[in-house]
Amino acid sequence: MKLGFHLSCLLAGLGIGLAQAGEVELVMSPFEISPQGDVSVFATPIDVQNGVVAVAFVTAPDVDTTPGYVNTVVRAGSQVNGIWQWTTTRIDTHTLLDPYHTQPSLAFDRNGYLHVAYNLHNLPWQYVVSHQPYDVSQFDFNGQPVTLGQLDELRLANKTHYPDAGKAAIPGNQITYPAFFKNHAGDLYVSYRFAMRPARGWEERARAAGVARYDADTRNWIAVGGSVPLGAGDAEYAGKSNPSTTVFAYDPGYIPYLVTLAFDTDDALHAVWTWWDRASNESGAVTVLPSYRKLADPKQSSAIANAVTGRIPGWPTNAVFNTAKSLAIAANGDVLAILEPQGRNRKLLRLDRATGTWGAAEDTPYSASKILVDRDGNEWLFASGLNLFKRAPGGNWSRPFGIGRNLCDPRPVYSQTEHSFYILAKTCPARDKAVVYRYRLD
C-alpha cells in the first residue's frame, strides 16, 4: 500500500525538517510474531534482491506446532500489478522458545537462492536453502539433523552433546548467533559462534567466532580465518588423521560476541565485535573490549584475532557493552561503527581510512541503533519510532523524520538498484507484530 504523500509534505506539516524527499510505502502489513520468542539483537531477518523481499520470524504455536515449542516462518513478497503479494512458509515447528538465541537469519545469494539459519543455541546447524531462486515455497535442508529428544534435552535439562566437528554445509558445530552479510559483489558471508572442541566438557569446548563465505558457483561454504590443530578428544572427525578447524577470533579467557561484518568497495572484510569475560560471572549480555579487524582478502588464510589484538581505543577494560552492533563503510572508506555502552546512549565511532585512527565517540541521535550508507555516499541512522537521520559526507545529521508510529527494533537493508531502504520493525510496546516499510530515496 502506497501512502499518498511524500515525507517532505508530511513533516513540513509537523514542523520537522527533511533533508531529502522520499516516498514511503507499507510493504508488509502487520504480521503476528511471538513477542516472547523473537527478541534477539543478532539476527539478520530481512533481505531484498531482484524485487523480492524476504523476512523470517519466530511465531506463536498453533495446532501444528510440536507441543512445548514455537514456529519459524519465512515470508517472501513482491509486487504484482503494483500490489504487494506475500508467500508464507513454515520451515520449523519445533523451534525452542528462547527469546535471545533461536531467531532466524536469512539472505539471498548471488543466484537468488534464499539461505535461512534458525533455531540455534549451541546446536548443530539448522539451515535450509530455497529449492528455487526467489521462491520460498520449498526448502532443502543443508544442516545437521537434530532429534526431538535432543531438543527436549536442551529445552528441559539445558544440556547439549554434539561431539562431532560438524556435518552441515556450513563449517562448525554447537552454533549460536548466525548472521548473514554480503559484499559489493553479492557474495554471501555468515558469522556465528561455535565450539572449537565440541567433544569436551562444557567449560572446555573453546567457543570461538566463525566466519564463512559462500561460493555461489560451487555452492560450498569455506571458513575464513586461521587454522587451529585439534588434539585427541577435542572433536569427532570422520576419516581425518590431522584434524583442524578454521577460526576467525578466539581467546582462552574470553568468548567473542556478535561479529558484525561490512565490506568496502574493494570487498575487503571489516568486522567489529565484543568479548565476554569468562571470569566475570556476568551473563553473556555483558561484554567488554570492543574490537575491530580488517581482512583485505578474506579468501586468504589469516591470523586469529584474540582479546588483545584489534582493540578499539578509548574504552577502559572494564567498560561494559550490550552485544548489539552496527557497521558500515563510508563513501571515502572510513569505517562507521555503532556500539552500545550499557546504561548510556549508543555511540558512533569513525575509523579514518587515511590515518588509521579512531575518532572520538559521538552519541547517535535518538540513540539510533543501525547505520547504512547509500550509493550517493549519504550516511543514514535508524532509530525506534521509526526515526531516520541523514547526513552528507562531512555534514551534520538532519533533524528526525519519521516512518510509521510506535515502531521499534529497526532492521534496515538497502537496495542499491532501487535506491531504497527496506525497514523491518516491530510494533511497540507489545512487539507482537512486524511490519516492513520501503523508503524510496528518489
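Asn318 falls short on exactly one of the conditions (1) in contact (Cβ under 8 Å) with a residue 40 or more places away in the chain; (2) of a type in the set (S, T, N, Q); (3) not in a strand (DSSP E or B), and that condition is (1).
In the stretch 261-279, of all residues being surrounded by 15 or more Cβ atoms within 10 Å (Cβ to Cβ) and free of Cβ contacts under 8 Å to residues at least 40 places away in the same chain, the one that is farthest from the chain's Cα centre (by Cα) corresponds to Asp277. If you go through the stretch 367-375 one residue at a time, do you hit one that is out of contact with any strand residue (DSSP E or B) (no Cβ under 7 Å at 6 or more places or on another chain) and either without any contact (Cβ under 8 Å) to a residue 40 or more places away in the chain or surrounded by fewer than 19 Cβ atoms within 10 Å (Cβ to Cβ) (or both)? Yes, because at least one residue in the stretch 367-375 is out of contact with any strand residue (DSSP E or B) (no Cβ under 7 Å at 6 or more places or on another chain) and either without any contact (Cβ under 8 Å) to a residue 40 or more places away in the chain or surrounded by fewer than 19 Cβ atoms within 10 Å (Cβ to Cβ) (or both).
For the stretch 72-87, filtering for residues that are buried (at least 23 other Cβ atoms within 10 Å of the Cβ) and not aliphatic (A, V, I, L, M) leaves 1. Just one residue in the set Asn173, Asn183, Asn111, Asn119 is over 22 Å from Val53 (Cα atoms) and of a type in the set (S, T, N, Q); that residue is Asn173. Scanning the stretch 9-41 for residues that are modelled with pLDDT of 90 or more, in a loop (DSSP other than H, G, I, E, B) and surrounded by fewer than 21 Cβ atoms within 10 Å (Cβ to Cβ) returns Pro35, Gln36, Val41.
Determine which member of the set Ala307, Ala330, Ala303 is of a type in the set (A, V, I, L, M, F, W, C), at pLDDT 95 or above and surrounded by fewer than 19 Cβ atoms within 10 Å (Cβ to Cβ).
On the way: Ala307 fails: surrounded by fewer than 19 Cβ atoms within 10 Å (Cβ to Cβ); Ala330 fails: surrounded by fewer than 19 Cβ atoms within 10 Å (Cβ to Cβ).
From the options Ala307, Ala330, Ala303, the qualifying one is Ala303.
In the condition set (1) farther than 19 Å from Pro412 by Cα; (2) touching a Leu at 6+ places or on another chain (Cβ under 7 Å); (3) part of a strand (DSSP E or B); (4) of a type in the set (A, V, I, L, M), Val128 is compliant with all but (2).
To keep it simple, each residue is scored yes or no on (1) within 16 Å of Ala425 (Cβ to Cβ); (2) modelled with pLDDT under 95; (3) under 21 Å from the mean Cα position of the chain (by Cα).
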| site | (1), (2), (3) |
| --- | --- |
| Ala43 | yes, no, yes |
| Val48 | yes, no, yes |
| Gly68 | no, no, no |
| Asn71 | no, no, yes |
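Has the stretch 419-438 got any residue that is at pLDDT 95 or above and over 25 Å from Val73 (Cβ atoms)? Taking every residue of the stretch 419-438 in turn, at least one turns out to be at pLDDT 95 or above and over 25 Å from Val73 (Cβ atoms). Scanning the stretch 88-110 for residues that are surrounded by fewer than 18 Cβ atoms within 10 Å (Cβ to Cβ) and at pLDDT 95 or above, we see that the one that is nearest to Val435 (Cα to Cα) is Thr88.
The values are calculated or read from the model by the stated rules, or taken from the named source; none is laboratory data. Quantities reported herein were computed from a predicted structural model and do not represent experimental measurements. Glycine gets a Cβ as well: all are built from the backbone with ideal geometry, and neighbour counts include every protein chain shown.
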